[in-house]
């Protein structure tokens, strides 16, 4: 089972890197599979640590695939690193074991410290739609334009019906990215404004 | 902003009713809009209370639209009612104000007691897919079969890639409901098994 989280890491110079990442977790460990090359991989190998953020702030997911990579963080409490300010909880992890791979090395991390910051408010269909749309935007160069248009048309229904301000902002960032790559592809109807 | 929750209510005779419901919440209140007629509406009017469960157990959402309406509960702590066993948190609420409506009366509920039971683990795309598919199944009689087939084909990708056991079970219940209503509509490829 894969959970979509945001992994924050720190370079030896103290520069924080923020990266959405699907992880496989159990009670004791969290498995990260960063791409090679990536700042996340470099930082984990250099510091031996990372922070996994369990956030519902979809601006971060949409922001990271549209060039908005700086998000407010606070220092981690136990490991060398930082955690997102906008997160329901975070887990600080230490490198336990690595299996190398030319594309996606596996970093098995041990949970060492967990903190809750906010309450889960229930599913929001617009948050899910933003997440799906962010996946599409991260693959803009690989997907058929028709497929992108069809899926954005479907996803915008949840935006129009159930979004809050954060989800609408994230949606606009994603629409702009599609428009830049495929001018005119998306009809005005998917703007996400309530009908 | 609408959050998808599960509302549990109790009849004056002590019979628990479980119903997925989209709610609008703020720091002080939660707005419920149950359909008329419904057991949720009757129970809230009779007891003046309800429990809003913030759960990521999608079996409950898929179960309730496929005839599986009994789920393990425990007594509420403050109001007359019950909360789900399988929930990350619950909020006990009391009726503050009602605005009648022939189809969906609005019940403005005051938050009176909140308890956390588990940690949010991050988004899971399969959970979102089950939720969307449950919405489709709840409208099987109103939607074009082609639309249902197209959307199940899209949603099954997240099931195949990211689901755990609970999500796969919920997905199978939903597929069975579609198959019963539209035999042969869905190709075997959407079964949700990993490729």
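Filtering the range B:117-158 to residues that are closer than 30 Å to residue B:75 by Cα, outside any helix (DSSP H, G or I) and more than 7 Å from chain A (Cβ to nearest Cβ) leaves B:117, B:118, B:138. Might you check whether a residue that is within 8 Å of chain A (Cβ to nearest Cβ) and either surrounded by fewer than 19 Cβ atoms within 10 Å (Cβ to Cβ) or touching a residue at least 24 places away in the same chain (Cβ under 8 Å) (or both) occurs anywhere in the range B:88-96? Looking for residues that are within 8 Å of chain A (Cβ to nearest Cβ) and either surrounded by fewer than 19 Cβ atoms within 10 Å (Cβ to Cβ) or touching a residue at least 24 places away in the same chain (Cβ under 8 Å) (or both), one finds at least one in the range B:88-96, hence yes.
Counting only residues that are farther than 11 Å from residue A:82 by Cα and either part of a strand (DSSP E or B) or within 14 Å of another protein chain (Cβ to nearest Cβ) (or both), the range A:5-25 holds 9 of them. Residue selection: residue A:66 satisfies the criterion of being assigned to a loop (DSSP other than H, G, I, E, B), touching a residue at least 40 places away in the same chain (Cβ under 8 Å), surrounded by 15 or more Cβ atoms within 10 Å (Cβ to Cβ) and under 13 Å from the mean Cα position of the chain (by Cα).
Scanning the range B:97-116 for residues that are surrounded by fewer than 17 Cβ atoms within 10 Å (Cβ to Cβ), more than 14 Å from chain A (Cβ to nearest Cβ) and in contact with a strand residue (DSSP E or B) (Cβ under 8 Å, 6 or more places away or on another chain) yields B:97, B:98, B:99, B:106, B:108, B:110, B:112.
Selection within the range B:26-63: residues that are away from chain A (no Cβ under 14 Å) and free of Cβ contacts under 8 Å to residues at least 40 places away in the same chain. The member of this set that is surrounded by the fewest Cβ atoms within 10 Å (Cβ to Cβ) is B:37. If the condition is being over 22 Å from residue B:153 (Cβ atoms) and not in a helix (DSSP H, G or I), then the range A:159-186 contributes A:163, A:164, A:182, A:183, A:184.
Read the figures in this text as sums done on the coordinates, not as results from a lab. Keep in mind that what you see is a predicted model, and the values were worked out from it rather than measured. Methodologically, a virtual Cβ is constructed for each residue, glycine included, from the backbone with ideal geometry; neighbour enumeration extends over all protein chains shown.
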